[in-house]
Amino acid sequence: MSSSTTHNVKINPCHDWPLGKCKHEQRCTGEHHENLDPALVETNAYSGYMVPNEVGEGCVRCMQRMFPCDKKARGTENDPCSECRWFGGANCRCTLATDTSYNDQIWAVMMARGRDKNYTLPADKSREEGGKKAKSAPQPMPANSVKAGWQGETREALLNKADMLPSGVRDCPRAYLGPPRMSAAAKKSLAWKETGLKRELESAAESMPPPTFYSRAPLYVLPTFPPPPEFERPPASSAHGKVMTTSYSWETDEYTHTYENGTGVTGRATVAPTPNVRSSYDMLARKKQRIEPGRQKSAPSSIEDDTAANEALFILRERSTGGMPKKP
Ligand SMILES: [Zn+2]
Ligand SMILES: [Zn+2]
Ligand SMILES: [Zn+2]
């Protein structure tokens, strides 16, 4: 099995990297797998062949299974494409996919295959083989779900079809794919972020796991994860240097700042970190402290220039670690 040769082996994939959008380069905590390199498109072996990326070219079932689909010229669910007609089974609802393409669906298959399969695509399986969850071989749609006089390709013709994808594409799909359209879940998440309804944020924050402030997990893997809090970086210490990381304990309600020289300083915040914080975490924190919205104007703008903070902001406690805590 080959893995990335230019980076250390990292467990979680960086989802920005295959899109060509990772800004962290070597410092990225996610894996930049060589088979997801956006530059692979330049190595395309078919002088520019790309997996079709128009919407409305078929049904999702065919897109995911990488079969040509003849749904386009057809009517409603009782006029299924030939693939669904013969292999869709009793619960098949064949409709034309108007917001996704072969490209988008095959991208999702590639990512789901994961690093264990080196982000390849499955072999062009016989249509008679079911998926992992299938208990039996794929069945035709029942006759009463199909309109009278249905016409299309025969089961035998489908079974004899060659792979829709040119040879080699399945071994390195990233070279033949473009970044996918945003999934419905990602769109929803973005809308959620943009509207920023306080009520939604608060209820979401309460039901969410504690945030890791420096998580770089992409939005569409954990769609309801809040953004990192936007409070100002605490002032540097003459003894310990700059604050490098800050964490918050939900158990003890305390912050821990880790300084450049490895010293950790733990303390309890008694006021909100800044007046204009927008993250759900801070909303939750403020709610806990019962600070009314009208009082936020008088809240301190930073730890440094707040006189009240001098007496009450942090009850400090130092620990000497003799170095930065090692990241797992
Ligand atoms: Zn990255
Ligand atoms: Zn189809
Ligand atoms: Zn179909």
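The values are calculated or read from the model by the stated rules, or taken from the named source; none is laboratory data. This one's a predicted model, so the numbers in the text were calculated from it and none came from an experiment. As a convention, Cβ positions derive from the backbone with ideal geometry for all residues, glycine included, and neighbour counts pool all protein chains shown.
Between residues in segment 64-79 that are near ligand 2 (Cβ under 9 Å from one of its atoms) and residues that are among the hydroxyl-bearing types (Ser, Thr, Tyr) and modelled with pLDDT of 95 or more, which pairs lie under 6 Å by C-beta distance while being six or more apart or on different chains?
Qualifying pairs under 6 Å: 70/82.
Looking only at segment 78-93, count every residue that is more than 7 Å from ligand 3 (Cβ to nearest atom) and assigned to a helix (DSSP H, G or I) and tell me the total.
Of the residues in that region, 4 qualify.
Select from segment 26-77 the residues that are assigned to a helix (DSSP H, G or I) and farther than 23 Å from residue 166 by Cβ and list them in ascending order.
26, 27
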